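Enquirer: The following block contains the structure, expressed as structure tokens.
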Amino acid sequence: MLKKWKIKLHRKAKHELERIHPTWRERIISKIKKLADDPFVGEKLLGEWQNFRKLRVGDYRIVYTVEKDIRIVAVLHIGKRGDIYKKI
């Protein structure tokens, strides 16, 4: 069995998560925890964001990077679809 990936929630992502309604927050946290098993489930972004991946939870997006060499998933931003890409 492979070792789980470590999840690192950046300060900005923590702040964004705190501002989300508790019901959605729990769903988002659950989705983030699943990244420890397989961080490559999220869709790879294109163009200038090609080093990022995203996960969808309703209208929310979780934007993250995968640091393969040190087995870390870095969650950078969490927000609504319309706003999230302005923050990257």
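Enquirer: Residues LEU17, LEU76: which one is part of a helix (DSSP H, G or I) and either surrounded by fewer than 11 Cβ atoms within 10 Å (Cβ to Cβ) or touching a strand residue (DSSP E or B) at 6+ places or on another chain (Cβ under 9 Å) (or both)? Steps first, answer last, please.
Expert: Details: LEU76 fails: part of a helix (DSSP H, G or I).
When all the criteria are applied, what remains is LEU17.
Residue-wise test of (1) acidic (Asp, Glu); (2) touching a Leu at 6+ places or on another chain (Cβ under 6 Å); (3) modelled with pLDDT under 95.
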| position | (1), (2), (3) |
| --- | --- |
| LYS8 | no, no, no |
| HIS21 | no, no, no |
| ILE28 | no, no, no |
| ASP37 | yes, no, no |
| VAL41 | no, no, no |
| LYS44 | no, no, no |
| GLU48 | yes, no, yes |
| VAL63 | no, yes, no |
| VAL75 | no, yes, no |
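Enquirer: Sticking with this one: Which residues, counting only those in the stretch 30-61, are assigned to a helix (DSSP H, G or I) and surrounded by fewer than 15 Cβ atoms within 10 Å (Cβ to Cβ)?
Expert: Listed by number, the residues that qualify are SER30, LYS33, LYS34, GLY47, GLU48, TRP49.
Enquirer: Now a separate question. Taking the condition part of a helix (DSSP H, G or I) and in contact (Cβ under 8 Å) with a residue 40 or more places away in the chain, does LYS8 pass?
Expert: For LYS8, the condition - part of a helix (DSSP H, G or I) and in contact (Cβ under 8 Å) with a residue 40 or more places away in the chain - is not met.
The values are calculated or read from the model by the stated rules, or taken from the named source; none is laboratory data. This one's a predicted model, so the numbers in the text were calculated from it and none came from an experiment. All Cβ positions, even for glycine, are placed from backbone atoms using ideal geometry, and neighbour counts span all protein chains on display.
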